[in-house]
């Protein structure tokens with residue numbers, strides 16, 4: 001069965017069993033400010049699972065689109081995607097285990113056509129500390145279901161995932177008991193961590209066995225929760241049974257069922273192929289990339305998987321109202337598009353990626369999600385504009401590379417990383433351009449580059465939205481101008497208010513700069529005016545901005561400023577504004593910056609402070625713009 005057929009049949013299967021089909025929720029939660037995206041099928045229905053009445057009744061079914069930005073860097077293997085669909089059915093105080101498990105088993109074996117011999121299941125082993133019993137009810141149901149298909153189904157106790165690698169699986173075992181780290185659900189995690197009044201319960205997961213050879217680098221023995229790739233979780237039934245009280249755990253008067261099954265994963269199982277990128281909602285995108293690039297998927301799996309996933313996710317984010325920007329959901333969308341474009345360079349696709357690929361994605365989904373078809377033209381237009389903007393940035397990187405090539409006969413990993421860090425210029429493109437310029441690089445450039453990349457990742461403060469260290473929204477030209485202007489303001493504040501001023505945080509976008517600093521009193525209008533005057537004077541002087549890697553202790557000894565609370569290694573990057581012998585400012589920073597301060601004021605722009613306020617005890621905040 002195709003993924004589209006599985007989705008259709010799943011909704012039909014549960015509709016005939018009294019479930020109301022409900023529409024998918026928006027990928028941007030409308031009533032939940034605590035998270036940027038809808039990350040699972042349960043998320044839009046939590047309030048109903050906790051007791052609120054749903055207008056569509058007690059039996060619900062849907063296919064919920066989900067997005068997880070935190071998985072972005074994992075995309076490239078055969079199973080991780082940032083965007084996926086979660087098939088879900090719910091009982092709000094109606095049916096329970098006796099109906100749910102047989103229904104899902106029937107759907108998998110009789111409708112999708114999976115061989116029951118390929119299915120393995122897990123149940124909750126119980127929790128001695130809280131007195132919650134072992135889930136023998138679910139285990140017994142599973143055993144009867146497997147036996148009805150003439151499949152032996154012994155049960156075995158594993159407990160922790162770690163113990164699974166030690167114990168492994170015994171002959172005839174098909175049902176495995178795991179502890180609360182695997183087979184328990186509550187909003188607070190394991191039973192011991194739950195607050196009074198919180199509901200929770202055991203869950204039962206279904207895994208598909210692809211039969212691939214176990215890789216012992218993950219552990220000595222394989223088991224359903226092993227990460228080697230042999231097993232893939234395709235569905236999970238949560239049985240919300242208990243409520244935490246002051247007296248312990250009490251059973252809910254009307255327990256709930258919450259089921260979630262990954263559409264892409266079930267489709268991969270249906271094809272008995274562990275590569276989710278070869279199912280019907282992803283393979284046509286890969287085919288399109290092969291035609292566009294003239295290269296094969298077999299030889300370019302990582303690049304094509306990243307592009308296919310990122311553009312599919314970007315399409316649905318755009319359909320749901322997200323536009324590329326420098327903050328929150330918009331920043332994540334921009335990052336998805338730019339990563340896809342960078343990986344496209346590996347395939348030799350240097351133009352029109354979004355215009356050629358986005359329509360393929362629309363065609364795959366428009367029949368089942370009419371809103372995708374409705375937004376097709378606007379999505380393609382927005383993506384094409386973003387691609388054009390980013391390619392301009394990349395061209396700036398080429399010019400910088402050519403400058404470097406003229407200055408040096410040999411470039412290293414630090415030079416290539418600078419181009420990547422400042423312009424988003426892929427390392428492989430740097431190498432190609434260097435060959436054209438007949439400039440040598442051999443032998444340790446890659447290890448040096450990778451080390452700097454890892455240091456950048458470790459400095460990341462908000463991985464879920466991809467913000468850069470120092471509060472930069474991105475590395476666009478306007479953000480770079482504001483970044484350097486912030487350095488000038490930092491030094492001006494020290495001159496006007498005193499050396500006690502220390503940076504406590506910053507957030508810089510293309511629209512403004514926001515800077516937090518230590519100071520116990522409100523900054524007066526006269527002082528703010530003096531800060532503005534100093535900054536604008538330094539912009540007018542068109543001072544050079546240079547950087548040098550220095551020993552950390554030496555840098556501080558020479559008066560370099562750093563951000564409060566930042567931890568530095570033995571070496572740091574120090575940016576100097578002005579003459580090195582007598583600079584205006586020296587600051588430890590990762591960059592990027594303009595090459596000379598006059599660039600900040602291009603177009604007769606002037607630095608203007610728009611707001612000064614308290615941020616927290618002993619910390620003031622300034623917002624400023626270039627106008």
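For the reader, a short list of remarks on this structure follows.
- Test result for residue 469, assigned to a helix (DSSP H, G or I) and either surrounded by 15 or more Cβ atoms within 10 Å (Cβ to Cβ) or modelled with pLDDT of 85 or more (or both): no
- Residue identified as assigned to a helix (DSSP H, G or I) and either outside the structural domain of residue 25 (by TED's automatic domain parsing) or out of contact with any helix residue (DSSP H, G or I) (no Cβ under 7 Å at 6 or more places or on another chain) (or both) among 341, 349: 341
- Summed over the stretch 543-557, residues that are in contact with a strand residue (DSSP E or B) (Cβ under 8 Å, 6 or more places away or on another chain), loosely packed, with under 13 Cβ neighbours inside 10 Å and over 20 Å from residue 418 (Cα atoms) total 0.
- Taking the conditions (1) closer than 17 Å to residue 136 by Cα; (2) surrounded by fewer than 21 Cβ atoms within 10 Å (Cβ to Cβ) in turn, residue 180 satisfies each one other than (2).
- Looking across the stretch 155-166, the residues that are surrounded by 17 or more Cβ atoms within 10 Å (Cβ to Cβ) and farther than 15 Å from residue 135 by Cα come down to 161, 164, 165.
- Qualifying residue in the stretch 207-224 (condition: in contact with a strand residue (DSSP E or B) (Cβ under 9 Å, 6 or more places away or on another chain), within 26 Å of residue 362 (Cα to Cα) and in the same structural domain as residue 98 (by TED's automatic domain parsing)): no
- Condition met for residue 274 (surrounded by fewer than 24 Cβ atoms within 10 Å (Cβ to Cβ) and assigned to a helix (DSSP H, G or I)): no
- Single residue of 621, 586 found to be within 12 Å of residue 487 (Cα to Cα) and assigned to a strand (DSSP E or B): 586
- Which numbered condition residue 614 misses (of (1) modelled with pLDDT under 90; (2) buried (at least 18 other Cβ atoms within 10 Å of the Cβ); (3) within 19 Å of residue 529 (Cα to Cα)): (2)
The rows are residues; the columns are (1) in contact with a helix residue (DSSP H, G or I) (Cβ under 6 Å, 6 or more places away or on another chain); (2) in a loop (DSSP other than H, G, I, E, B); (3) closer than 20 Å to residue 258 by Cβ.
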site	(1), (2), (3)
5	no, no, no
23	no, yes, yes
38	no, yes, yes
44	no, no, yes
47	no, no, yes
55	no, yes, yes
70	no, no, no
81	yes, yes, no
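- Test: residue in the stretch 281-292 that is within 22 Å of the chain's Cα centre (by Cα), under 15 Å from residue 361 (Cβ atoms) and not in a helix (DSSP H, G or I): yes
- When residue 313 is tested against (1) under 20 Å from residue 84 (Cβ atoms); (2) under 18 Å from the mean Cα position of the chain (by Cα); (3) at pLDDT below 95, exactly one condition is not met: (3).
- Among the candidates 578, 598, 569, residue that is out of contact with any strand residue (DSSP E or B) (no Cβ under 9 Å at 6 or more places or on another chain) and at pLDDT 85 or above: 598
The values are calculated or read from the model by the stated rules, or taken from the named source; none is laboratory data. Quick caveat, the model's predicted, so the values are computed rather than measured. In this analysis, Cβ positions are derived from the backbone assuming ideal geometry, glycine residues included, and neighbour counts consider all displayed protein chains.
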